[in-house]
Amino acid sequence: MSDTAATAAIPNNLEAFWMPFTANRQFKKAPRMFVGAKDMHYTTADGRQVLDGTAGLWCCNAGHGRPRIVEAVQKQVAEMDYAPAFQMGHPRAFELAARLAALLPSPLDHVFFTGSGSESVDTALKIAIAYQRAIGQGSRTRLIGRERGYHGVGFGGISVGGIVNNRKHFGTMLGGVDHIRHTHDPARNAFTRGQPDNGAEFAEDLIKVIQLHDASTIAAVIVEPVAGSTGVLIPPKGYLKRLREICDQHGILLIFDEVITGFGRLGTGFATEYFDVVPDLITTAKGITSGVIPMGAVFCSSKIYDAFMTGPEHMIELFHGYTYSAHPVACAAALGTLDTYEEEGLLTRASELASYWEDAVHSLKDCPKVIDVRNLGLIGAIELEPIAGEPTKRAFSAFLKAYEDGLLIRTTGDIIALSPPLIISKAQIDELFGKLRTVLQSNI
Ligand SMILES: Cc1ncc(COP(=O)(O)O)c(C=O)c1O
C-alpha cells in the first residue's frame, strides 16, 4: 500500500464519525479498520487477512469483490446514475422485480423497493395497515411483534421489535403494539441440532393476544422466521405453521422479516420455502445486492396489491416511497448478484453444506463456558456463560481475540453468531472453527 493510501485508510482524527451500534470511545482508542475485501476475506489496515465468518453483517452472501456485481455497478453508474423514483421508471427496476418475484412462491408476486431492512419493515407495516383499511377493515390497526425480535431501527421496527436496549431509550414508540413471547427455551432445547422439538405451543400466545384485544383490532403479526440479531433463535418444529393457521383464522396478515434469512441463508431462496409456510408479506434487504449497494424490498401477495389498485387510474394508490426506491445502481447490483447466485448455485449451497456446518458448530460444545450451541442452514450460534455482573463482556472478548487471530465473528449479548458468505469452502469451515476453538480455549 502506498503511503498516501495508508494515510487515507487511517485518518488521524476519528472523532467526527459517530459510529452505529459501536462502543465509540473504546473503538477510537484501538481502531479496527478494514481496507479491502475479496471473496472470503477482509484485509486490515495493517495488511492482515481476516476470514469473514459473518458475511459482513449477514449481507455479503456472494462473498466480496465478485466480478459480475462489480461490473454491473460500474456500467450502471456510468450509463445512468439516477432516475426519479416517483412517476418515472427505468427498465432494470422492472426486470429486477420480475426476477425476484420468480424466486418466491406464487402468491408473492409484487415487489416494493426500499433502501434498507429498516425501511422494508416500516413499509410492510404501513402496507398491512393500509390494506386492512382498503378492504373495509379500518379498525385493524394493531401490530403484533415478538420479544427479542429485531426489525431494524425505525420507529415501526423498534416498536414491533423486542430487544430491550433498542427500545428503552426511545420513548413511547408506536401505540397499539403488542408482543408474543420469544421461542428460546434452553432448559428443554439446549444443544439441539437444527429445529428444536419443543416449543410449537409458543404460537398459542397469539391466541391470548387476540383474546385480549380482539382480532378486529389487529392488522398484522411480524416475526423473523429465524431470529438473527438477538442471537440466533431457531423456530421450534411446527411453530411457524401454527402462527400461519391462527392468522388465517382471524383475518390477520402474517409478515416474515427475511432480511437475514432471504437469499440462500438456509439453503433455499427464502425461509418461506424452507419452512413451507407462506406469509402475506416478506421484508428483505442485505443479500438482495450481496451488501454491495444499500437496497431493500418488500414482497407482497396479489391479494394485497390488487386491493390497492382501485379508484381513478390517475390517482396514486399508495402514498409511500423513498427517493432511492429502485435506485438504478442498486438494481444493477441486485441483478449482478442474482446472476452470481444463479451461476454458482449459491441459493441452495447452504443445503449442501448444512450437515458439515452443523457438525462443525456442535464440535465446540465441549469448549469452556459454552452453554448452548444452535444451527440451521449456514447459521450458527454459540452461547457463552456471561461473566457474573458483566454481561456481554465474555463474548466481546472472544470477538476481539478472534479478530486478532484473523477471524471475523459477530456477538450479541454473550452469544457468538456465525453466518459466513455462501461461497465458504469446507476447508474454510474447518479453519473458522479451528480458530474459534482456540479463542474459546483461551482465557476469555
Ligand atoms: C431481521 C432484520 N430486520 C431488519 C433489519 C434491519 O436492516 P437494516 O440494518 O438494513 O436497516 C435487520 C438487520 O440486521 C434484520 O436482521
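For every residue, the table says whether it meets (1) within 13 Å of the ligand (Cβ to nearest atom); (2) charged (D, E, K, R); (3) surrounded by 24 or more Cβ atoms within 10 Å (Cβ to Cβ).
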{"residue": "SER116", "(1), (2), (3)": "yes, no, no"}
{"residue": "SER120", "(1), (2), (3)": "yes, no, yes"}
{"residue": "THR123", "(1), (2), (3)": "yes, no, yes"}
{"residue": "ILE127", "(1), (2), (3)": "no, no, yes"}
{"residue": "ALA130", "(1), (2), (3)": "no, no, no"}
{"residue": "ARG133", "(1), (2), (3)": "no, yes, no"}
{"residue": "SER139", "(1), (2), (3)": "no, no, no"}
{"residue": "GLU147", "(1), (2), (3)": "no, yes, no"}
{"residue": "VAL153", "(1), (2), (3)": "yes, no, no"}
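In region 394-426, the qualifying residues are those that are charged (D, E, K, R) and touching a Leu at 6+ places or on another chain (Cβ under 6 Å), and the one that is nearest to ARG437 (Cα to Cα) is ARG394.
Take the conditions surrounded by 18 or more Cβ atoms within 10 Å (Cβ to Cβ), of a type outside the set (Ser, Thr, Tyr) and free of Cβ contacts under 8 Å to residues at least 40 places away in the same chain and apply them to ALA360. Does it pass?
Criteria not met by ALA360.
Name every residue in region 152-169 that is free of Cβ contacts under 8 Å to residues at least 12 places away in the same chain and in a helix (DSSP H, G or I), in order of residue number. Matches in region 152-169: VAL164, ASN165, ARG167. Scanning region 363-389 for residues being surrounded by fewer than 15 Cβ atoms within 10 Å (Cβ to Cβ) and not acidic (Asp, Glu) gives a total of 4. Of TYR324, TYR341, all but one fail to be touching a helix residue (DSSP H, G or I) at 6+ places or on another chain (Cβ under 8 Å), farther than 23 Å from LEU125 by Cα and hydroxyl-bearing (Ser, Thr, Tyr); the exception is TYR341.
Taking region 318-357 as the range and being part of a loop (DSSP other than H, G, I, E, B) and touching a residue at least 60 places away in the same chain (Cβ under 8 Å) as the test, the residues that pass are LEU318, HIS320, GLY321, TYR322, THR323, TYR324, SER325, ALA326, HIS327. Kindly indicate whether any position in region 52-69 is modelled with pLDDT of 95 or more, aromatic (Phe, Trp, Tyr), under 15 Å from ALA330 (Cα atoms) and not in a strand (DSSP E or B). No; the residues of region 52-69 include none that is modelled with pLDDT of 95 or more, aromatic (Phe, Trp, Tyr), under 15 Å from ALA330 (Cα atoms) and not in a strand (DSSP E or B). Pairs meeting the criteria (first residue in region 12-31 and under 20 Å from PHE399 (Cβ atoms), second residue surrounded by 11 or more Cβ atoms within 10 Å (Cβ to Cβ) and of a type in the set (A, V, I, L, M), beta carbons under 6 Å, at least 6 apart or on different chains) are LYS28/LEU14. Scanning region 101-109 for any residue that is in contact with an Asp or Glu (Cβ under 8 Å, 6 or more places away or on another chain) and within 16 Å of the ligand (Cβ to nearest atom) turns up nothing.
Condition first: in a loop (DSSP other than H, G, I, E, B) and either out of contact with any helix residue (DSSP H, G or I) (no Cβ under 8 Å at 6 or more places or on another chain) or crowded, with 24+ Cβ neighbours inside 10 Å (or both). Now tell me which residues in region 265-292 satisfy that. Talk me through it step by step, then tell me what you get.
Kept after step one, since they are in a loop (DSSP other than H, G, I, E, B), are these residues of region 265-292: 265-270, 276-280, 285, 289-292.
Hits for region 265-292 are ARG265, LEU266, PHE270, PRO279, ASP280, ALA285, THR289, SER290, GLY291, VAL292.
Every listed requirement among (1) away from the ligand (no atom under 16 Å from the Cβ); (2) touching a residue at least 60 places away in the same chain (Cβ under 8 Å) is met by PRO67 save one, (2).
Examine region 166-175 for a residue that is within 15 Å of the ligand (Cβ to nearest atom) and among the small types (Gly, Ala, Ser), and state whether such a residue exists. Before the answer, list the steps.
Let us first name the residues in region 166-175 that are within 15 Å of the ligand (Cβ to nearest atom), namely 166-167.
Narrowing further to those that are among the small types (Gly, Ala, Ser): none.
The answer is no; no qualifying residue exists.
Scanning region 245-264 for residues that are of a type in the set (A, V, I, L, M, F, W, C) and in a helix (DSSP H, G or I) yields ILE246, CYS247.
Matching residues to (1) surrounded by 16 or more Cβ atoms within 10 Å (Cβ to Cβ); (2) within 16 Å of the ligand (Cβ to nearest atom); (3) farther than 24 Å from THR284 by Cβ; (4) in the same structural domain as GLY291 (by TED's automatic domain parsing):
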| position | (1), (2), (3), (4) |
| --- | --- |
| PHE21 | no, yes, no, no |
| ASN24 | no, no, yes, no |
| LYS29 | no, no, yes, no |
| ALA37 | yes, no, no, no |
| HIS41 | yes, no, yes, no |
| ASN61 | yes, yes, no, no |
| ALA83 | no, no, no, yes |
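The values are calculated or read from the model by the stated rules, or taken from the named source; none is laboratory data. All figures in this text were calculated on a predicted structure; none of them were measured in a lab. Because the Cβ atoms are built from the backbone with ideal geometry, glycine has one as well, and the counts that use them run over all protein chains shown.
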